[in-house]
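What follows is a short report on a single structure.
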Ligand SMILES: [Zn+2]
Ligand SMILES: [Zn+2]
């Protein structure tokens with residue numbers, strides 16, 4: 001699997017390209033602020049052709065460029081129904097005052113072709129098998145995307161080294177904020193406990209902001225996950241302690257986190 005990415009715009013939301021291999025079809029995840037040029041550079045560099053844009057959630061720092069990118073490439077956008085309205089009304093994701101200040105003059109529209117995501121859905125696109133998990137808490141329609149390392153999941157047994165595109169659910173050493181409209185702390189903790197905690201330790205996490213990590217590393221040291229691990233200690237033992245290496249064949253991750261204006 002090929003994963004490339006860059007932090008887009010002043011919010012430094014990671015925009016990813018995911019493909020089975022260079023020179024193949026690909027998906028674009030979270031085309032943020034002013035992301036068109038960076039996306040075109042990734043597509044050129046890896047000789048990939050986009051067939052879809054996937055959105056982890058509806059916050060503007062992740063969807064800013066979705067309409068122009070989908071329009072230029074003539075591809076659909078996928079988003080969970082719970083966040084769809086944010087595509088055309090981004091200010092709904094923020095408290096009234098700050099939203100008007102930040103986005104008062106901003107006009108966004110939905111891409112021509114929007115497909116809605118649901119929990120458990122498996123997308124077979126670009127030669128990839130992408131599993132959607134609904135993980136509300138940061139926003140009502142937040143999802144994460146799981147992609148088996150081998151693309152189509154031929155490998156039997158535990159899916160070691162799979163990729164998880166975690167959006168603003170899980171970061172290296174932190175989790176998404178829950179103080180914006182639609183956010184809820186107990187809900188995000190439940191999403192983390194049910195979706196992230198059971199994954200194999202060497203699952204590579206590609207977050208919506210900041211550097212990549214692994215589930216094992218976050219279980220061991222993330223202050224929000226560690227208490228959940230203890231709480232679930234009675235369950236089957238997890239294979240923690242695996243080396244935090246990137247087994248996804250990455251060609252380089254996004255740059256350092258910019259915590260100043262993370263949405
Ligand atoms: Zn967000
Ligand atoms: Zn964000």
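The values are calculated or read from the model by the stated rules, or taken from the named source; none is laboratory data. As the structure is a computational prediction, the values presented were derived from the model and not from experiment. FYI the Cβ positions are ideal-geometry reconstructions off the backbone, even for glycines, and counts take in every protein chain you see.
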*Go through (1) more than 14 Å from ligand 2 (Cβ to nearest atom); (2) in contact (Cβ under 8 Å) with a residue 24 or more places away in the chain and name the single condition residue 5 misses.*
(1)
*Counting only residues that are within 11 Å of ligand 2 (Cβ to nearest atom) and without any contact (Cβ under 8 Å) to a residue 60 or more places away in the chain, which one in the range 56-71 is surrounded by the fewest Cβ atoms within 10 Å (Cβ to Cβ)?*
64
*Here are some conditions: (1) assigned to a strand (DSSP E or B); (2) out of contact with any helix residue (DSSP H, G or I) (no Cβ under 9 Å at 6 or more places or on another chain). Residue 5 meets all but one. Which one does it not meet?*
(2)
*Picking from 255, 238, which residue would you name as being surrounded by 13 or more Cβ atoms within 10 Å (Cβ to Cβ), more than 16 Å from ligand 1 (Cβ to nearest atom), modelled with pLDDT under 95 and more than 18 Å from the chain's Cα centre (by Cα)?*
238
*Hey, any hits in the range 40-51 for a residue that's surrounded by 24 or more Cβ atoms within 10 Å (Cβ to Cβ), within 16 Å of ligand 1 (Cβ to nearest atom) and assigned to a loop (DSSP other than H, G, I, E, B)?*
no
*Which of the residues spanning the range 30-39 are assigned to a loop (DSSP other than H, G, I, E, B) and over 19 Å from residue 145 (Cα atoms)?*
33, 34, 35
*Do any helices (runs of 4 or more DSSP H) lying entirely in the range 54-171 carry at least 1 residues that are at pLDDT 95 or above, and which ones are they?*
60-63, 66-73
*asked:* Just to verify a result, which residue in the range 11-24, among those that are within 14 Å of ligand 1 (Cβ to nearest atom) and not in a strand (DSSP E or B), is nearest to residue 203 (Cα to Cα)?
replied: 12
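Matching residues to (1) under 18 Å from the mean Cα position of the chain (by Cα); (2) at pLDDT 50 or above; (3) more than 25 Å from residue 8 (Cα to Cα):
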| position | (1), (2), (3) |
| --- | --- |
| 210 | yes, yes, no |
| 224 | no, yes, yes |
| 248 | yes, no, no |
| 251 | yes, no, no |
*Any idea how many residues of the range 174-199 are crowded, with 19+ Cβ neighbours inside 10 Å and farther than 23 Å from residue 60 by Cα?*
3
*Given the residues 187, 214, 178, 194, which is the only one that is more than 22 Å from residue 54 (Cβ to Cβ) and modelled with pLDDT of 95 or more?*
178
*Of the residues that make up the range 127-138, is at least one more than 20 Å from residue 15 (Cα to Cα) and within 16 Å of ligand 2 (Cβ to nearest atom)?*
yes
_Breaking point among (1) part of a strand (DSSP E or B); (2) under 22 Å from residue 176 (Cα atoms), for residue 27_ = (2)
*Which numbered condition residue 52 misses (of (1) within 16 Å of ligand 2 (Cβ to nearest atom); (2) under 16 Å from the mean Cα position of the chain (by Cα))*: (1)
